[in-house]
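One structure below.
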Amino acid sequence: MITTDYILLCLGMGIVTYVPRWVPLFALSQRTLPRWLEEWLDLIPAAILSALILPSLVTAGEPRQLSLWNNDLLVAVPVFLFALRTRSLGGTVVLGMALYWLAGKFLG
Amino acid sequence: MSDHAAPTDKASIFRDGVRAAWPICLGYVPIGLAFGVLAQKAGLSPLAIGLMSVLVFAGSSQFIAVAMLGTGAGIAAIVVTAFTVNLRHLLMSSAISVYLRGIHKRWLTLFAYGITDESFALNLVRFREGNWDWKRALTVNHVTNAFWVASTVIGGLGGALIPAHAFGIDYALMGMFLCLLVYQLRGRLYVLTGLIAGAAAVVLSLLIPGNSYIVAASVIAATAGLYIRRRWPSLAASSTPAGERCREPVERNKR
């Protein structure tokens, strides 16, 4: 059953997730940006991807602790090298899954 | 940027979008199922799960919301948490806005709904490579959204019956992110920025709970990168100049 409170919760969450997605798009796409901002934004993807990936590979637990020996990291090394070499998105995804599956089987 | 434009008929736009979106869809299935199972255990019906997925479409905050619901947290606390968890989309949306110049506001409003870590990273790469446009990007956003909503609802209906961790599917998104990161390393400056971001993110993630480390580390790294570009231009010289990538959209606007 869906209560009014639950609908309010979803609406509230929806608004606060939507606004950060919408405001920059709306504000920035309608004008020419200063040079420094363009250069800064140009560096954001590399930065954000790295910031998303690395902690999930080398930390674990709650609260997080450094963990330098785990399947996620072990698999990431050959997968990263494969991506560097082939630049194939599909191939990288499939290889990552296969190695992760194997690592789970044999390394536990 | 390539000179020949991609076909503009609806069928090829949809096909290209779906083709590009499959790694994300694949990656969403195990996460969506897992979310559905958890949400169902927390007492949410499949309909309630679907409602949240449609209205929110943000994996991490949905997981947190369900966990908080389980502990009896109030609406305000959950909403505030969701807000802080999703602040990183400010950065993503800013970075992708460069490619969405001159698009009608109505479409921007629809586009914004589908900006996630995954669609952002994928679309950005495609835009840069050329032969990509906002309609294809929008298709990616909405196809992946549909997969997300469906997987969460299916998880709520009977996800516990589906074997978890099958075929390494849990690694699909990580594999995709690793390859998308490779695409971003277009010169020494980008490698350096990535290294700074990664190191900062690891340190900050160990120091502060939650996921604000993503935004903090990205801002630190991009600012450091910009400083390096200004201070030692020769170091950044091997990289593609930033202005290069906006040339095409700007020209299109003039016509």
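Couple of notes before you dig in:
- Here B:F177, B:F167 are screened, and the one residue that is in contact with a Phe, Trp or Tyr (Cβ under 7 Å, 6 or more places away or on another chain) and facing chain A (nearest Cβ under 8 Å) is B:F167.
- Being more than 7 Å from every other protein chain (Cβ to nearest Cβ) and either of a type outside the set (K, R) or at positive phi (or both) is a description that does not apply to B:Y113.
- Checked against the criterion of being within 26 Å of B:I154 (Cα to Cα), out of contact with any Asp or Glu (no Cβ under 6 Å at 6 or more places or on another chain) and at the interface with chain A (Cβ under 8 Å from one of its Cβ atoms), the candidates B:M52, B:M92 yield just one match: B:M52.
- Criterion violated by B:I162 - all others in (1) surrounded by 20 or more Cβ atoms within 10 Å (Cβ to Cβ); (2) of a type outside the set (G, A, S); (3) under 30 Å from B:L38 (Cα atoms) satisfied: (1)
- Any hit, the range B:20-42, residues being out of contact with any Pro (no Cβ under 6 Å at 6 or more places or on another chain) and not in a helix (DSSP H, G or I): yes
- Remark: pairs (first residue in the range A:55-79, touching a residue at least 40 places away in the same chain (Cβ under 8 Å) and at positive phi; second residue part of a loop (DSSP other than H, G, I, E, B) and loosely packed, with under 15 Cβ neighbours inside 10 Å; Cβ separation under 7 Å; 6+ apart in sequence or on different chains) are absent.
- Test result for A:I53, within 7 Å of chain B (Cβ to nearest Cβ), assigned to a helix (DSSP H, G or I) and under 18 Å from B:Y99 (Cβ atoms): no
- One residue alone among A:G91, A:G12 is over 17 Å from the mean Cα position of the chain (by Cα) and at pLDDT 95 or above, and that residue is A:G12.
- Taken over the range A:24-50, residues that are of a type in the set (A, V, I, L, M), closer than 24 Å to B:V56 by Cβ and facing chain B (nearest Cβ under 7 Å) amount to 5.
- Selected residue (criterion: surrounded by the fewest Cβ atoms within 10 Å (Cβ to Cβ)) from residues of the range A:62-88 that are of a type in the set (A, V, I, L, M, F, W, C), facing another protein chain (nearest Cβ under 9 Å) and under 15 Å from A:L102 (Cβ atoms): A:F82
The values are calculated or read from the model by the stated rules, or taken from the named source; none is laboratory data. Note that the coordinates shown come from a computational prediction; the quantities given were computed from them, not determined experimentally. When we count neighbours, we look across all protein chains shown, and the Cβ atoms used for this are built from the backbone with ideal geometry, even at glycine.
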